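Each remark here refers to the structure printed beneath this line.
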Amino acid sequence: MLNLYIYYFSYIFFICSAILILKRKRYTFYDKEKKKIFAVVIIALLLIGYFELAYTPSHDIEGFPIPREPHLVKTTVGEDYITEKYKWFIASEGGSIPPWYEVSICLRGWRKGETMGADQVYKKGSREVDLSTFDNEFYLSK
């Protein structure tokens, strides 16, 4: 989790230093439209940075995106399946996963399949991954 905060801090530091450099060189934005465009660009950069830095692909489960915050507790390998158990304080059985995690999954090409209770199937081409959420933990199965 500390690594995640280091990534965020360095990314925000980069954006702030770019703004300060622009102000020092007297690149001022007099028009309101230029200010709006600049604000949209900064927000877009922050969002892109978040979705790129906050998630890593799972090595065992076909590159499925995993947030950096959860801790891998256990990996179970069988003849025709692999299951990873993660501890994550945000996951819940009733609320499933947060919306920003769903957006990140969709941005990486995974589409929602069928839902049964706390189980959600995601598909990408011919690959399928089952995401099961419980209170403070979730499971990925292939």
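Tabulated values for the structure
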quantity: Meets criteria (more than 17 Å from the chain's Cα centre (by Cα), part of a strand (DSSP E or B), more than 18 Å from F51 (Cα to Cα) and at pLDDT 85 or above) for V73; calculated: yes
quantity: Filter result (touching a helix residue (DSSP H, G or I) at 6+ places or on another chain (Cβ under 7 Å) and either open to solvent by less than 50 Å² (accessible area, probe 1.4 Å) or assigned to a helix (DSSP H, G or I) (or both)) within segment 57-69; calculated: P65, P67, E69
quantity: Flag if A18 is modelled with pLDDT of 75 or more, open to solvent by less than 50 Å² (accessible area, probe 1.4 Å) and not in a loop (DSSP other than H, G, I, E, B); calculated: no
quantity: Given (1) under 25 Å from R127 (Cβ atoms); (2) open to solvent by 70 Å² or more (accessible area, probe 1.4 Å); (3) not β-branched (V, I, T), index of the condition A54 fails; calculated: (2)
quantity: Only listed residue being of a type in the set (D, E), touching a residue at least 12 places away in the same chain (Cβ under 8 Å), out of contact with any strand residue (DSSP E or B) (no Cβ under 7 Å at 6 or more places or on another chain) and closer than 26 Å to S10 by Cβ, chosen from E52, E69; calculated: E69
quantity: Candidates L107, L131 - the one that is surrounded by 14 or more Cβ atoms within 10 Å (Cβ to Cβ) and touching a Phe, Trp or Tyr at 6+ places or on another chain (Cβ under 9 Å); calculated: L131
quantity: Matching residues in segment 76-86 - criterion: being within 19 Å of K124 (Cα to Cα) and part of a strand (DSSP E or B); calculated: I82, T83, E84
quantity: Top-ranked residue in segment 70-104 [being among the polar types (S, T, N, Q) and under 18 Å from D119 (Cβ atoms); ranked as surrounded by the fewest Cβ atoms within 10 Å (Cβ to Cβ)]; calculated: T76
quantity: Single match in E33, E62 (criterion: on the phi > 0 side of the Ramachandran plot and modelled with pLDDT under 80); calculated: E62
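The values are calculated or read from the model by the stated rules, or taken from the named source; none is laboratory data. On a predicted model such as this, the values are computed, not experimentally measured, just so you know. Using ideal geometry, Cβ is built from the backbone for each residue, glycine included, and neighbour counts are taken over all protein chains shown. Ligands, DNA and RNA are excluded from the accessible area calculation, which covers all protein heavy atoms including side chains. Shrake-Rupley method; radii C 1.70, N 1.55, O 1.52, S 1.80 Å.
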